[in-house]
Structures are given as structure tokens and as C-alpha cells.
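The values are calculated or read from the model by the stated rules, or taken from the named source; none is laboratory data. The shown structure was predicted, so the numbers you read here are calculated from the model rather than taken from an experiment. Counting neighbours? That spans all protein chains shown, and the Cβs are built from the backbone with ideal geometry, glycine included. For the accessible areas, the whole protein counts, side chains as well, though only heavy atoms, and no ligand, DNA or RNA atoms are used. Shrake-Rupley method; radii C 1.70, N 1.55, O 1.52, S 1.80 Å.
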Amino acid sequence: FFAFSNPAQLKYARSNQVGLSYQSMSLGRSIQSFSFVKHLPPAGGVGLSVLRSGVDDIQGRNAMNEPTKTLSSQEIQGIISFGVSIGIRMALGINIKAFFSSIAPEIIDVQSGSGIGWDVGFIYKLHRHLILGGVMENLNGSYIWKITKWDKEVSYEEIMPQNIKLGMNYTGFRDMSIYFQEDIVNIPDKYINYRIRLGMEYRLSNNVKLRLGFKQAQGALTFDEGKNSNNLKPSFGAGIPLKLWKRQYMQMDYALDPGNVDEGLSHLFSFSMELR
């Protein structure tokens with residue numbers, strides 16, 4: 001799943017890999033993804049990924065607050081990724097992304113959008129226990145929306161928010177890794193917001209990994225009378241290796257997300273495997 005975090009991590013692809021995920025979330029939301037990574041000697045990789053996110057069972061209502069049709073919305077991303085080592089300490093990566101979206105096709109004849117964008121990522125190994133990384137997402141990204149209703153078509157361009165992610169991974173403790181990430185979101189011509197994430201992973205002797213994470217729920221700017229909010233919301237998870245046959249294993253990862261604003265529990269599953 002390197003494309004969804006930092007394409008520079010493709011330098012660590014020492015074999016061909018495949019990954020699948022299904023995230024069943026609260027409020028009718030869901031995310032599915034597929035990723036294939038191919039190792040490129042001597043120290044690089046290329047990946048193909050598809051991600052679908054959507055919401056179903058949205059109850060529509062009219063001006064009198066009476067129930068109408070049930071609505072849905074979805075977005076699909078196709079991603080081509082490349083990553084390569086630059087010397088022994090640094091790696092660079094790039095994502096080239098295509099977006100396809102539809103909103104409430106049940107009540108609007110055509111309301112769809114398409115767009116392109118790209119990401120650039122880097123990893124720098126400061127020393128053997130400390131790795132720094134960063135990603136700039138949605139560079140020059142935009143959507144072209146087309147709406148057709150009552151035989152009239154309207155189109156307009158929407159500039160995507162630009163995200164900057166800066167992270168750190170520390171492995172100096174025995175059987176434990178610590179992760180820190182700062183998200184910087186830039187809404188063009190409007191504002192810049194910030195959010196922090198913190199994660200810890202503990203490895204047991206049987207290669208099972210236990211995980212605990214915290215995320216700043218609302219970002220540094222809350223637009224609530226100028227007050228800042230640094231409230232952290234937890235998440236929990238585990239990584240379990242599953243033996244399929246002989247030396248072939250599959251990694252199953254699970255996360256429980258209690259939600260940011262009491263929207264309910266979300267269960268996140270993913271499966272990854274090296275192709276031997």
C-alpha cells in the first residue's frame with residue numbers, strides 16, 4: 001500500500017507484492033483498495049493501485065423534510081507509482097493519479113467529475129534508528145465537474161486541496177516503533193490547517209504486531225471564536241501473519257476507529273502478501 005502513504009517507500013519492495021483492503025465505516029461509508037507492486041532491481045519499484053471510496057443509503061428529503069429517494073456517492077482513484085533509491089540514505093517517489101467521481105446519480109441525470117493530480121514523496125535515513133519522510137499531495141490537481149439537468153449541461157473546475165505530510169519513524173526501542181506525522185492542508189485562496197498524528201507499534205515474539213494511534217480530531221484551526229483544539233482521538237489495531245501454505249504467508253491488518261465526532265465505530269481490514 002505504498003502509494004497511499006509515501007511512494008518513496010517503493011525502494012523497500014524487495015519482491016512483487018499484492019494488497020487488498022476493505023474498510024467498513026460508520027454512516028454508510030466504505031473504502032476498498034487494491035495495490036500491486038513490482039520490484040525493479042537494484043533498489044526501486046513500480047506500483048499500480050485502485051482506491052474506491054463511497055457513501056450509500058443517504059436518505060434524501062424534500063423541502064417539506066419528507067423522505068424521498070435513497071442516494072449514493074462514490075469516488076475512484078487510479079494510481080501509477082514509481083520509487084527509487086538515491087544513494088544509501090535517500091529515496092524519491094512519485095504518484096500519477098486519475099480521479100473519477102459521481103454524486104447522487106439517482107436524482108440528477110449526470111453529475112460526474114474527473115481529474116488528474118500527482119504526488120511527490122521522499123524518505124531520508126538520518127541514522128539506523130531514525131527515518132524522516134514527507135509527501136506533497138495533489139500537486140496541480142483539479143476536478144472538472146459536469147452537471148446535466150433539464151437538458152442543460154454546466155461544467156466548472158474545482159482546485160483540489162494540497163496536502164503536505166511530514167513524518168518520522170523511530171526504532172531505537174526494543175521491539176517497538178514510534179511514528180509521528182504532521183498534516184498540513186492548504187485550501188487554495190482560503191486557509192491552511194494543521195493536524196498531528198502519533199502511532200506506536202509493539203512486536204511480539206510470534207511476529208504479531210499491536211498498534212495504538214492518536215489523531216488530532218479537528219485540526220489546529222477550529223473556526224470556533226479563534227480557539228485552538230488539540231484533542232486527540234485514539235485508534236487501535238493489530239497485524240497478524242497468516243500461513244497459507246509452506247513458506248507463503250499473508251499479512252492481515254485490522255484497525256478499530258472509534259470516530260472523531262461520535263459518528264460510530266469503523267472496522268478497517270487489509271490483507272497483503274509477497275508473491276513468492
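The distance between label points at ALA104 and ARG29 comes to 1.9 nm (points 7 Å beyond Cα on the Cα→Cβ vector). In a simple Cβ point-charge model (Lys, Arg +1; Asp, Glu -1; nothing else charged), the chain has a dipole of about 1560 debye relative to its Cα centre.
If r is the Cβ-Cβ distance from LEU132 to MET176 and R0 is 25 Å, what FRET efficiency results, to the nearest 0.05? Before the final figure, lay out each step's value.
Details: r = 19 Å, r/R0 = 0.74.
Efficiency, rounded to the nearest 0.05: 0.85.
Of all accessible surface on the chain at a 1.4 Å probe, what whole percent is carbon and sulfur?
Here carbon and sulfur together make up 60 percent of the probe-accessible area.
Normalised by residue count, the stretch 1-132 yields a Cα convex hull volume of 132 Å³ per residue.
Taking 22 Å as the cut-off for C-alpha to C-alpha distance, list the pairs among LYS38/LYS97; LYS11/LYS97; LYS11/LYS38 that go past it. Don't skip to the end; give the middle numbers.
Details: LYS38/LYS97 18 Å; LYS11/LYS97 20 Å; LYS11/LYS38 11 Å.
Beyond 22 Å between Cα atoms: no listed pair.
For the stretch 120-206, relative contact order (Cα pairs under 8 Å, six or more residues apart, normalised by length) works out to 22 percent. Would you mind classifying the stretch 60-158 by shape? Square roots of the alpha carbon gyration tensor eigenvalues, ordered a ≥ b ≥ c; an a/c under 1.5 is rounded, otherwise it is prolate if a/b is larger than b/c and oblate if not. Prolate, because a/c is 1.5 or more and a/b exceeds b/c. Ranking PHE4, SER72, TYR143 by how far each Cα lies toward the positive end of the dipole of the chain (charges on Cβ) leaves PHE4 at the top.
Taking max minus min of the alpha-carbon positions on each principal axis, the stretch 13-86 gives extents of 65, 18, 16 Å, largest first. Between LYS69 and ILE164, the contour length at 0.36 nm per residue exceeds the alpha carbon distance by 30.3 nm.
Once you sort the root eigenvalues of the Cα gyration tensor of the stretch 102-169 as a ≥ b ≥ c, which label holds: rounded (a/c under 1.5), prolate (a/b larger than b/c) or oblate (the other case)? In terms of gyration-tensor shape, prolate.
Can you give the extra length, in nm with one decimal, that the chain gains between ASN62 and ILE147 once fully stretched, where that is 0.36 nm per residue apart less the Cα-Cα distance? Could the numbers behind the result be given before it?
Working: separation 85, 0.36 × 85 = 30.60 nm, distance 2.01 nm.
Net length gain for the segment: 28.6 nm.
Can you check what the net charge comes to around VAL135, using other residues whose Cβ is under 12 Å from the Cβ of VAL135 (Lys, Arg +1; Asp, Glu -1)?
Working: positive: LYS165; negative: ASP119, GLU137, GLU182, ASP183.
Cβ neighbours under 12 Å give a net charge of -3.
Of all aspartates and glutamates in the structure, the ones whose alpha carbon falls short of 20 Å from that of LYS209, not counting any fewer than 8 places away in one chain, are ASP175, GLU201, ASP253, ASP257, GLU274. Spin-label model, TYR202 to PHE269: label points 7 Å out along the Cα-to-beta-carbon direction sit 2.6 nm apart.
The value of relative contact order for the chain, using C-alpha pairs under 8 Å at least six residues apart, is 14 percent. Look at (1) 6, 22, 24, 13, 15, 14, 6, 1, 0; (2) 7, 31, 39, 20, 3; (3) 6, 21, 36, 24, 9, 3, 0: the one that is P(r) over Cα pairs in 10 Å bins from 0, in percent derived from this structure is (3).
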